Protein chains: 2
Amino acid sequence: MTPFLDALRQRLGEAGLLIGGDLSAYESDWRKRYPGRALAVARPASTAEVAAVLRLCQEHRVPVVPQGGNTGLVGGSTPDDSGGQLVLSLARMKRVRSIDAANASLTAEAGCVLADVQAAAAGAGLLFPLSLAAEGSCTLGGNLATNAGGTQVLRYGNARELCLGLEVVTAAGEVWQGLSGLRKDNTGYDLRDLFIGSEGTLGIITAATMKLYPQPRDRLTALAACASLDDAVALLGLARARAGDALTGFEVMSQASLALLARELPQLQQPLGAAAWTVLLELSDAESVEHARAAFEGLLGAAIEGGCVQDAAIAQSLQQALAFWHLRESIPLAQAQAGLNIKHDISLPVSAVSSFVAEMDAALAAYLPGIAVINFGHLGDGNLHYNVQAPAGVAPAEFLAAHEAAINAKVYDAVQRRGGSISAEHGIGRLKREELGRRKDPVALGLMRAIKKALDPQGLLNPGRLL
Amino acid sequence: MTPFLDALRQRLGEAGLLIGGDLSAYESDWRKRYPGRALAVARPASTAEVAAVLRLCQEHRVPVVPQGGNTGLVGGSTPDDSGGQLVLSLARMKRVRSIDAANASLTAEAGCVLADVQAAAAGAGLLFPLSLAAEGSCTLGGNLATNAGGTQVLRYGNARELCLGLEVVTAAGEVWQGLSGLRKDNTGYDLRDLFIGSEGTLGIITAATMKLYPQPRDRLTALAACASLDDAVALLGLARARAGDALTGFEVMSQASLALLARELPQLQQPLGAAAWTVLLELSDAESVEHARAAFEGLLGAAIEGGCVQDAAIAQSLQQALAFWHLRESIPLAQAQAGLNIKHDISLPVSAVSSFVAEMDAALAAYLPGIAVINFGHLGDGNLHYNVQAPAGVAPAEFLAAHEAAINAKVYDAVQRRGGSISAEHGIGRLKREELGRRKDPVALGLMRAIKKALDPQGLLNPGRLL
């Protein structure tokens, strides 16, 4: 490999190539689930340098693993343990290239941290709505490569829907200049959306033009207690009909999720009593917080009258509004404290969520009495984090070793029967690659393989991921 | 061709195959710009029949031209004059298969007329927002194959953004079952968006699952007179900031457009005096028409005070609101009455629209004194219909013959310099295929050709279109 590494060093300089030493930050994900060994870490500072790296990889047939903030959950951004894969970190490409306020768009490089993109938009008086737990360290390129979701999808869509254009380096080391601030452009195949969500297997995203939105005047949250998931779905319909696009959040938390939170993080106040399902609603109001409060009062009053809500609390201050969100966002931390669990990032048609949960809760209880389902998520998008924990007294590691495969099969079977997805927002990576091969429509898999072969004939881009 | 046609007839029956007789409705577009001659017209009644047609076409190497409502403007859906291409009409596949109100989605077949999709959604108390001039005869499949735009893009997006899933027959005659009511699904490459906008060159869309929205409680329109396009862009920013997502329409009409309207359709009342630019605004309100009126009064008051609006009129009734829209939608008819013209369906970053128009108006006036630019469109999306008519006294046909190529070059050069698109919402078809080859990023063209070859290796799907 010396000629390859020499050529790389010559092109990238000392700062652009790490060989030897402690590369662990690049070789393993933050949860240490997918440790590997890198041939080296390339850290290009420009699109031209990324293109040069890709050309050298082609020439020397070296596989490339692109890496952003390395915050993924499915093993998409770390090398395997062969020691033969080059990690291509986009971390040095972190510039916000431009903001066009009149066009409500922003162009930034792939390595730009999501929170920095949000801050740049806010600095121009506008909103970049993509928001997720890892926003302090995940990067725009990774968000696009995995089509990240998050908490604002109900109103603003996934990363895909927020993107207007891309700059991409192909497997052959050519640069596609597809940055665009256009809302409408029907000049050929939608290459942009093909690269988005392809997890670095078709090309390397180096920059993107993203949509910005007006900042809402005010945001307000409320909690609502529902007796069943069907009631929560009815509340969603009511909220959409009454609030329209002002409804920017609709999250559910099961009773068990909030009980876990009370045990693990007792300092967090829970304003409503124990309900079967607690819904967090958010309104983003273009007028005023009073207008949002009045809208909430009308909506929740109607819902209580109609019977789909038992009790409700509207945040009385911005601080309380954030505290409601904090409840929802702390569930993963409470789960981590409670020990390993089996995670499922699934989506279903909203109309199928209730029957899925009823069937699966019963099936798991029958399979292993005492099993704990921690179920929460973005009901407005049909996206549940349906996580399963060991019964009390059973060691989590043993539980996973003994039951993970069987429980995954049960969950994914029930999802598949309802036309759902086994990966709503986390992607496939290494974790779900085999599962995808078994469950995805075979015609779709055939099309995907044909596209992969057409765009990366040598199979060097993030091999062993996704396909 | 007899064995091929015999096999087709056996599979499709008498009702499913037209040979000989008057096929002109299938062989020419409605404007009679792209007349051709078909080998035959296949009219399959089911997805399985479409798949059978495609398998026979593969076997006998017969090119296929898919056709929906045949309302396109770029020659994408009629056969060439070789007499060797099979027209595949989806007109018999027109069922709305299902509506899922709780999931706010609808599944319909490709041949379903757009107005029928809208009506089915309304019947379930929901809104299908795609709306365009041809909605009484264009079909859902054609809307998706060309990624149709229309008047509601500002808020709801193009056909692409409204689609959740597709059923597609591949070139090999396999069926990809990608119908989905999912809002989030990160399981592999985005095949859906690859087929959307591919103009029938990668596969045949046979059905789609589309998003539905709550019906707005009320809609209200207003007209605003602006002294310049810069003022109109400033008004757009103000309207977005104040009204948020309630702003569902923002159209501009130049003074020359409204003057043409006054000449050709004098029965249409024009409430405002002659302004350099007249903006049509639409608010969709989740609360009430009074709330919308108050929002308009606040917005337009602020705009007049700020100087970007000279005069304004808010519709006083639903009838007047529709009359305002009717003004905007009648411009193409007035143009047709006035004779042939050179049409440009372009898009630009909103921030670049004003400089483009200033440069191009001056360039065209210098090129040919007396030339008339009829400029109108969806300013909120940066999409202009920048159409050019002959000077008074010059016969339109002669004008086109002498000047079309030169004027197109001027317009597209100026668009390209600003990162704009030569086809915002009408597609490429036959009309702009060569232009695309000259102007599209060569790396993008290479990627498109590689994908075409991977998915349609024999090149039988809508050949000579797009690529």
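The values are calculated or read from the model by the stated rules, or taken from the named source; none is laboratory data. Keep in mind that this is a model prediction, so the values were computed, not measured. As a convention, Cβ positions derive from the backbone with ideal geometry for all residues, glycine included, and neighbour counts pool all protein chains shown. For the accessible areas, the whole protein counts, side chains as well, though only heavy atoms, and no ligand, DNA or RNA atoms are used. Shrake-Rupley method; radii C 1.70, N 1.55, O 1.52, S 1.80 Å.
Here are some notes:
- Ranked from largest, the principal axis spans of the Cα set of segment A:339-426 equal 36, 25, 18 Å.
- Ellipsoid equivalent to chain A - semi-axes via the Cα gyration tensor, in Å: 39, 27, 20
- Relative intensity, log₁₀ I(q)/I(0), of segment A:3-89 from a Debye sum that treats every alpha carbon as a point, q = 0.15 Å⁻¹: -0.49
- Accessible surface buried upon A-B contact (total; probe 1.4 Å; Å², nearest 100): 6300
- Probe 1.4 Å, accessible area per residue of segment A:219-332, Å²: 40
- As a fraction of the 1.4 Å probe accessible area of segment A:407-467, surface on carbon and sulfur atoms comes out at 50 percent.
- Protein accessible area in segment B:159-243, 1.4 Å probe - carbon and sulfur %: 44
- The residues of segment A:172-203 listed by number as losing at least 40 Å² of accessible area in the complex, against the isolated chain and with a 1.4 Å probe, are A:TRP176, A:LEU182, A:ARG183, A:LYS184, A:ASN186, A:THR187, A:GLY188, A:TYR189, A:ASP190, A:LEU191, A:LEU194.
- At most 13 other Cβ within 10 Å, DSSP loop - chymotrypsin sites (Phe, Trp or Tyr not before Pro), segment A:380-467: none
- Note on B:417-427: average number of Cβ atoms from other chains within 10 Å of each residue's Cβ is 4.
- For segment A:1-66, the set of chymotrypsin sites (Phe, Trp or Tyr not before Pro) satisfying both a DSSP loop assignment and a count of at most 16 other C-beta atoms within 10 Å is given as A:TRP30.
- Shielding by other protein chains, A:346-355, mean Cβ within 10 Å: 5
- Top positive-direction residue, dipole computed over the protein assembly as shown with Cβ charges, set B:LEU164, B:GLN316, A:VAL175: A:VAL175
- Stokes-Einstein D for segment B:219-332, Kirkwood Rh over Cα pairs, 20 °C, 1.002 mPa s (µm²/s): 153
- Order by protection proxy (mean Cβ within 10 Å, highest first), peptides B:430-438, A:51-59: A:51-59, B:430-438
- Of every Cα-Cα pair in the protein assembly as shown, the percent that sits beyond 51 Å: 18
- Computed from the alpha carbon atoms alone, the convex hull of segment A:149-211 holds 90 Å³ per residue.
- Per-copy distances of the B:GLY21 label point, shortest first, in nm (7 angstrom along Cα→Cβ): 7.8
- In segment B:70-163, inverting the average of 1/r over every pair of distinct C-alpha atoms gives 14.1 Å as the Kirkwood radius.
- Once all protein chains are placed together, A:MET210 keeps about 0 Å² accessible to a 1.4 angstrom probe.
- Structural descriptor for chain A: relative contact order 15 percent, calculated from alpha carbon pairs under 8 angstrom and at least 6 residues apart.
- Rounded Å value of the spacing that divides the Cα centres of segment B:186-253 and segment B:402-449: 23
- At least 50 Å² of accessible area lost relative to the chain alone, listed for segment B:98-117 with a 1.4 Å probe: B:ALA102
- Segment B:150-179 and segment A:79-133 have Cα centres separated by 29 Å.
- The residues of segment A:1-142 have, on average, 40 Å² of accessible surface per residue, using a 1.4 Å probe with all protein chains present.
- Value of Rg to Rh for segment A:96-214 (Rh from inverse mean 1/r over Cα pairs, i.e. Kirkwood): 0.94
- Only DSSP H runs of four or more residues enter the estimate; each adds -39500 (n - 2.57), and after division by the residues of chain A the mean residue ellipticity at 222 nm equals -11500 deg cm²/dmol.
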